[in-house]
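Read through the structure below, which is laid out as structure tokens, and then see the notes.
The values are calculated or read from the model by the stated rules, or taken from the named source; none is laboratory data. Every value quoted in this text rests on a predicted model; they were computed, and no experiment measured them. Cβ placement follows ideal geometry from the backbone for every residue including glycine, while neighbour counts extend to all protein chains displayed. Note: areas computed on protein heavy atoms with side chains; ligands, DNA, RNA excluded. Shrake-Rupley method; radii C 1.70, N 1.55, O 1.52, S 1.80 Å.
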Amino acid sequence: MGVSICIETERLLGSKAKHLDTAFHSSFLCSRTNLMYSRILVPLDGSPTSILALEYAANLARMSEGTVILMHIIEPTRHKTDFVRPRVYLEDVRPRLLAGGQALLDEAEKRLGQDGTITERVLLESTIERISEQIVRQVEESGCDLIIMGTHGRRGVDRLLLGSDAEQVVRIAPVPVMLVRQPHQNGSN
């Protein structure tokens, strides 16, 4: 059964399907009448893995005539230093971050719009909440039934020090989460 599921999923999603987890295959193809998700949240950060997640979401949305909710969260603390005065941050740095976030969402919307995929956009500024908490809150506010997001696959000390927003989303999300990562450079999965 696993092989037929993989073949059918590959037929539906294209060659990228071989990177999907078998458990996802089973739940995804479990029932043809309740096959698809109607509102898919895709958090974008401009990384190659988030763009790959966007492609997966676009494929699923096209098959189900669903909507992709494009989300970007600006993280001021990543760009703020003690050397930047608050006024400079508010008048110069913050507007650039907002413009960059809008440009990222514009590009994603344009990419999906070429195939007729319906999109909605959400641009947020990070607060004291973790990024993962903001993603989950947006799922609830937007009525999403699936999250597709990229993961960088950090391991060891990097993961310990930097944490994993994707891992935290998986833990606290009230809906299924599909994590997408780039294939290894040597061609293995």
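Going by the structure shown, is Ile128 out of contact with any Gly (no Cβ under 9 Å at 6 or more places or on another chain), β-branched (Val, Ile, Thr) and open to solvent by 40 Å² or more (accessible area, probe 1.4 Å)?
The answer is yes for Ile128.
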Inset, instruction - At least 2 residues that are at pLDDT below 90 in each: list the helices (runs of 4 or more DSSP H) lying fully within region 122-189 that qualify. - result: 156-162, 165-172
Legend entry - Unique residue being surrounded by 13 or more Cβ atoms within 10 Å (Cβ to Cβ), over 17 Å from Met178 (Cα atoms) and at pLDDT 65 or above when the list is Ile51, Ile69, Ile73, Ile40: Ile73
